[in-house]
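The values are calculated or read from the model by the stated rules, or taken from the named source; none is laboratory data. All figures in this text were calculated on a predicted structure; none of them were measured in a lab. Every residue, glycine as well, gets a Cβ built from its backbone with ideal geometry; the counts of neighbours run over all protein chains shown. Ligands, DNA and RNA are excluded from the accessible area calculation, which covers all protein heavy atoms including side chains. Shrake-Rupley method; radii C 1.70, N 1.55, O 1.52, S 1.80 Å.
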Amino acid sequence: MADDAASFTGSIPQYYDQGLGPVIFAGYAADMAQRVAAGRPARVLETAAGTGIVTRKLRDALSPNAKLTATDLNPPMLDLARAKFRPGEQVSFQPADATALPFADASFDAIVCQFGLMFFPDKAASFSEARRALAPGGRYVLSVWDSHRHNPFGRIAHEMAGRLFPVDPPQFYNVPFSCHQIDPIKELLITAGFDRIDIAVIRQERELPDIANFARAAVYGNPLIDQVRERGGVDPDRIVDALAQEFRREFGDDPGRMPLQAIVFSAVKR
């Protein structure tokens with residue numbers, strides 16, 4: 001499991017949520033929630049919900065009467081997500097595989113997936129399952145990261161891991177940025193039975209108030225830490241220090257300024 005890029009367990013969820021969440025996920029989560037809420041769906045499913053960063057934004061943006069279901073493959077991530085909600089809020093959580101959803105046909109008016117597609121082993125199956133679980137006319141909104149070129153933090157982290165492990169470099173930081181080509185995703189959506197496909201490239205710039213903290217989360221807040229420990233021979237904190245130095249060089253010292261770029265797809269079940 002050490003090289004399983006989709007295994008977010010152990011202490012990873014805390015670093016992911018607290019160190020990476022406010023910097024790279026929260027801004028896109030707010031955008032995603034507004035896009036979904038604009039359609040006024042009554043039943044919403046989120047796949048790959050992680051620690052509930054999008055879930056929280058969705059619950060705040062949706063109608064109070066809308067029902068929201070958040071799912072993720074990793075129960076430890078959902079445990080953190082649950083803690084962000086008060087008793088009585090219209091949100092439920094359950095572990096689920098996005099390529100084999102445990103819901104009846106036509107159960108939802110909208111399905112949301114922020115930065116999850118890259119981790120699905122069968123992307124075509126995930127699109128087919130999303131279409132099956134949507135009611136006719138329902139909307140699927142998903143996002144992926146653009147390439148390393150437009151997200152330099154990912155490029156830097158990948159290159160740093162390669163320098164420290166030249167024989168068998170950890171590959172985690174290739175995975176989140178592996179779906180930046182638009183046409184293959186568009187064709188998979190069409191094949192699955194979606195139309196009215198809209199595509200938006202969204203660039204953001206985020207402040208890095210504490211680069212050392214962000215560098216630590218970039219190592220400990222995802223399966224890179226498992227890949228490093230499996231290989232051995234390099235103290236993970238050495239990677240953190242080297243990464244912080246590179247981030248300061250690229251983005252400036254506290255506070256730094258970092259560009260991000262994502263691609264958002266919206267498609268309707270025909």
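Note the listed values (i) 28, 21, 20; (ii) 36, 20, 19; (iii) 31, 19, 18, then indicate which one is semi-axes √(5λ) of the Cα gyration tensor in Å calculated from this particular structure.
Recomputing semi-axes √(5λ) of the Cα gyration tensor in Å here gives the entry labelled (iii).
Between ASP168 and ASP241, what is the FRET efficiency for a Förster distance of 22 Å, r being their Cβ-Cβ separation, to the nearest 0.05?
Working from the Cβ atoms, E equals 0.55.
Give me a comma-separated list of calculated 3J(HN,Hα) values for the range 172-185, in order, Karplus coefficients 6.51, -1.76, 1.60 applied at θ = phi - 60°, integers in Hz, x for any Gly or Pro.
3, 6, 7, 5, x, 10, 8, 10, 7, 7, 6, 4, x, 5
Can you list the HN-Hα couplings for the range 211-226, worked out from phi with the Karplus curve (6.51, -1.76, 1.60; θ = phi - 60°), rounded to whole Hz and with x for Gly and Pro?
The phi angles translate into 5, 4, 5, 5, 4, 4, 5, 5, 9, 8, x, 6, x, 3, 4, 5 Hz.
Of the beta bridges DSSP finds with both residues in the chain, what % are antiparallel, to the nearest 5?
Here the antiparallel bridges make up roughly 55 percent for the chain.
Can you tell me how the range 184-236 classifies by the Cα gyration tensor, rounded, prolate or oblate, using a/c under 1.5 as the rounded cut?
Oblate is the answer for the range 184-236, as a/c is 1.5 or above yet b/c matches or exceeds a/b.
Compute the separation of the alpha-carbon centres of the range 217-270 and the range 4-33 and state it in Å as a whole number.
11 Å
Which trypsin sites (Lys or Arg not before Pro) from the range 217-269 combine a DSSP loop assignment with at most 16 other Cβ atoms within 10 Å?
none
How do the peptides 121-131, 99-109 rank, highest first, by the average count of neighbouring beta carbon atoms within 10 Å per residue?
Descending mean neighbour count gives 121-131, 99-109.
Report in % the part of the accessible area of the chain that belongs to carbon and sulfur, leaving out ligands and nucleic acids; probe 1.4 Å.
48 percent
Taking amide hydrogens as modeled 1.01 Å from N in the peptide plane, which residues meet the under 5 Å criterion relative to THR69, leaving out close sequence neighbours?
Under 5 Å from the amide H of THR69 lie the amide H atoms of VAL44, LEU45, GLU46, SER92, each far enough along the sequence or on another chain.
Enter the angle in degrees (range 0 to 90, nearest 10) between the Cα long axis of helix 26-37 and the first principal axis of the Cα atoms of the chain, meaning the one along which they spread out most.
Computed tilt is about 10 degrees.
Which number comes out as Rg/Rh for the range 92-157 once both Rg and the Kirkwood Rh are worked out on C-alpha atoms?
1.07
Under 10 Å, Cα contacts only: if you run a Gaussian network model on the chain, which one of GLY162, GLY232, GLY19 comes out with the highest mean-square fluctuation?
It is GLY232.
Please turn the phi angles of the range 65-79 into ³J(HN,Hα) values with the Karplus equation 6.51 cos²θ - 1.76 cosθ + 1.60 (θ = phi - 60°), one per residue in order, whole Hz, x for glycine and proline.
So the Karplus estimates, Gly and Pro as x, are 8, 5, 9, 10, 10, 10, 10, 7, 6, 10, x, x, 5, 5, 4 Hz.
With the calculation restricted to Cα positions, what are the radius of gyration and Dmax of the range 176-270 in angstrom?
Gyration radius and largest Cα-Cα distance of the range 176-270: 18.3, 53 Å.
Subtract the Cα-Cα distance of ASP4 and GLN204 from 0.36 nm times their separation in residues, and report this length gain in nm to one decimal.
Additional length available on full extension: 69.1 nm.
Could you do me a favour and compute the accessible area per residue for the chain, 1.4 Å probe, result in Å²?
Accessible area per residue, the chain: 43 Å².
In µm²/s, what is D for the range 1-104 at 37 °C and 0.692 mPa s, where D = kT/(6 pi eta Rh) by Stokes-Einstein and Rh is the Kirkwood radius from Cα pairs?
Estimated diffusion coefficient is 233 µm²/s.
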